1. Of all the residues that make up segment A:373-417, how many are of a type in the set (S, T, N, Q), under 28 Å from A:ASP349 (Cα atoms) and in contact with a Phe, Trp or Tyr (Cβ under 9 Å, 6 or more places away or on another chain)?
2. Can you tell me how many residues within segment B:94-115 are over 24 Å from B:GLY258 (Cβ atoms) and more than 11 Å from chain A (Cβ to nearest Cβ)?
3. Just wondering, is there one or more residues in segment A:405-413 that are within 14 Å of chain B (Cβ to nearest Cβ), under 26 Å from A:ALA310 (Cα atoms), assigned to a strand (DSSP E or B) and in contact (Cβ under 8 Å) with a residue 24 or more places away in the chain?
4. I need every pair where a residue in segment B:205-227 that is among the β-branched types (Val, Ile, Thr) has its Cβ under 9 Å from the Cβ of a residue that is in a strand (DSSP E or B), sequence separation at least 6 or different chains.
5. Where in segment A:257-368 are the strands (runs of 3 or more DSSP E), entirely inside, with at least 3 residues that are aliphatic (A, V, I, L, M)?
6. Looking at segment B:135-155 only, could you name the residues that are facing chain A (nearest Cβ under 7 Å) and either touching a residue at least 12 places away in the same chain (Cβ under 8 Å) or on the phi > 0 side of the Ramachandran plot (or both)?
7. Which condition number does A:SER385 fail, the rest of (1) within 14 Å of another protein chain (Cβ to nearest Cβ); (2) buried (at least 19 other Cβ atoms within 10 Å of the Cβ); (3) under 21 Å from the mean Cα position of the chain (by Cα) being met?
Amino acid sequence: MKKVAYPLTKALSVLALTSTLMLMSISFIAKAEEFELSGKVGVEQRYFFNEGQFDSQLKSGQSSVYLEPEFYWSWGDGADSITFKPYYRYDGQDDERSHGDIRELSYVHAGDDWELRAGIRKEFWGVTEFQHLADVLNQTDSVEDFDGEDKLGQQMINLSLVNDWGIVDLYVLPGFRERTFTGQKGRLRGAIVVSDEHVQYESSAEENHLDGAIRWSHSVDVFDVGAYWFHGTNREPILTPVYSQSNTNQPIVLQQYYNQMDQFGVDIQATIDDWLWKFESIYRTTEQDDFWATQAGFEYTYVGVFESAADLGLLVEYGWDSRGEGDDNTPAASVQNDIYFGARLAFNDMQSSELLMGMSADLDHNAYSFIFEGNRRVGESIKVSLDIRLMQSTEPTDLLYSIREDDHMQLAVEWYF
Amino acid sequence: MLVKSINKLVLTTALSMTMLSAFAVPLDKEAAAARGLEISVEAKARDTGWSDNTSDMQMVLRNKQGQESVREIKTKTLELLDDGDKSLTIFNKPRDVKGTSFLSFSHPVGNDDQWLYLPSLKRVKRIASRNKSGPFMGSEFSFEDLSSFEVEKYRYNYLGDEQINGLDSFMVEQFPVDENSGYTRRIVWIDKEAYRVQKIDFYDRKNSLLKTLSYSDYKQYLNKYWRADSAEMVNHQSGKSTTLKWQNYAFKTGLVDGDFNRNTLKRAR
């Protein structure tokens, strides 16, 4: 059965919110001064070098296709706009990876020094590259890729106020999105499959808890600074093994539990000549534990390296978490004393060719990962990218241990329209 | 203030110029520098007071084999009299970078403040701005070629007069003050009729001729400001070239400081 990651009930509540806005705006759309259709279609092929560690995982090839159109209407000289960006991926092997989402369905009104943004949107907070600690509003769409960069659309009403002393953003977030997880046949997962049934919440309102956040951000001289407070449902679930109540070929599954959290976060970047100094830190309190975590480092760019037009960027980041690495019974943080190295080569050519190499190492135990990414434009509107990811770990508590046989190569061809 | 001291310099230069021309003596080094500065100050003065402008730009990149690639860019610029201009650049083509936008607070001296918005990640990134010599979107234009002309960015040397595009023109040599510039010098042809840049020769860090930029089809806006409809940059060393074509030039459109911040960067289309 093909699954849509957006459960019907939630879709309906979201629809209620946005349809009100849409109705309000529909008469305006008729007068829209501008309409634009753009987007992308992609084909992706993964090849796993080894057989999976767990029974029923796909053997070596994984193919999928995806579509992400964007519809944009605007009027009032761009002061009012509506954006609709649906997304769907069909995966030939993993049913859980075949999924759809509304990445964006929002209305934005811009005043002189304020903006109102309402609907389903994505908002990114932070400055670092290898881990996004500060980025907390949107749920991770982890079936898309295991790097955590892909996010699900989040329902929100956001009032943004521009002041001389910075921008203040106020958020009301009605409704919550469960994280997506790889299915039984999928690779890049743990030994036990995460179930999307009987999801538990700390709040009696469950996924309808009204979350809120306030953020201040400002640029002063070489510094770009942001600070926020978030109150609501933790985007990271606690996973507990339970006996499966439905599927007989998976006797034990992981049940998701989402607690409530308060999180304070800061992100700072200092841009000094060819150096970017980056710092992110969060303090999170939940019923289960309170902890600090930090990701910090730098990026240095050699402009016109090797007497060419290319730029070479070198990145170093360090990640720390006050919970430490935990033990076999209580695994704690996945990034607790980890170091990252990266190199980015931008050729600055007609095809925008780019190479990115990265490495991460856990300093507390034996766990490494390597990534290699290369991409370039072919013709006017096709982008080709090749990714290679290698994982190594001998430590059963480490996240990489369960995916240590999942080294793979991934080729994607995207057509933009 | 710098502007005042320049005015004063221009005044004294103008005085010394009249004296010099009266005696018809070839210019010595100092006088040539002063004359070069004077011409550049006049060119800047004639292009001051437009408040803000918007335009659509098309770039056609051509390699040695004649293969072409097109970029479409929208720009909004706010003129600041006491600092460099603020500008917002929005990319429409190539399609894979559509929606990407770029905010720049330029400064006559020192590094500009620059932010890049990546729509697929919804992320605003402050970027290092010392990369003045790097190519802009794979074209033959570097970032510094596209930044606004500010008098303080160069030292000057007046080389003489020459006819170009059928117009009597000044030839002024300009030496970048910024050590991160990709050039040792530029030679600029400025016509005497309206002080418009007609042509620029760029010399690389080894002082060999690298590129030539030629402007064509100047049109006047608001009865004062001249803008070219097209410009062609030819790289003599690589054989590549880039043509720029501008459309929909508008001045005094009512842009204000509040149109240039992180929020407008994210919303720009």
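The values are calculated or read from the model by the stated rules, or taken from the named source; none is laboratory data. Model, not experiment: these values are computed from the prediction. Positions of Cβ are generated from backbone atoms using ideal geometry, with glycine treated the same way; all protein chains shown enter the neighbour counts.
1. Here is the first cut: in segment A:373-417, the residues of a type in the set (S, T, N, Q) are A:375, A:381, A:385, A:392-394, A:397, A:402, A:410.
Of the ones still in play, those that are also under 28 Å from A:ASP349 (Cα atoms) are A:375, A:381, A:385, A:410.
Those still in the list that are in contact with a Phe, Trp or Tyr (Cβ under 9 Å, 6 or more places away or on another chain) too: A:381, A:410.
Here the count works out to 2.
2. Total satisfying the criteria: 1.
3. So far as segment A:405-413 goes, yes, one or more of its residues are within 14 Å of chain B (Cβ to nearest Cβ), under 26 Å from A:ALA310 (Cα atoms), assigned to a strand (DSSP E or B) and in contact (Cβ under 8 Å) with a residue 24 or more places away in the chain.
4. B:THR212/B:LYS199; B:THR212/B:ILE200; B:THR212/B:ASP201; B:THR212/B:PHE202; B:THR212/B:GLU232; B:THR212/B:MET233; B:THR212/B:VAL234; B:THR212/B:ASN235
5. On the way: elements: A:260-272, A:275-286, A:290-302, A:311-321, A:337-346, A:354-362.
In segment A:257-368, the matching strands (runs of 3 or more DSSP E) lie at A:260-272, A:311-321, A:337-346, A:354-362.
6. So the first thing to find is which residues in segment B:135-155 are facing chain A (nearest Cβ under 7 Å), and the list is B:135, B:138.
Listed by number, the list holds a single entry, B:GLY138.
7. Unmet condition: (2).
Okay, residues lined up against (1) within 14 Å of another protein chain (Cβ to nearest Cβ); (2) at pLDDT 95 or above; (3) in contact with a Leu (Cβ under 7 Å, 6 or more places away or on another chain):
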| position | (1), (2), (3) |
| --- | --- |
| A:THR248 | no, no, no |
| A:PRO251 | no, no, no |
| A:TYR258 | no, yes, no |
| A:ASP267 | yes, yes, no |
| A:PHE279 | yes, yes, no |
| A:PHE291 | no, yes, no |
| A:GLY297 | no, yes, yes |
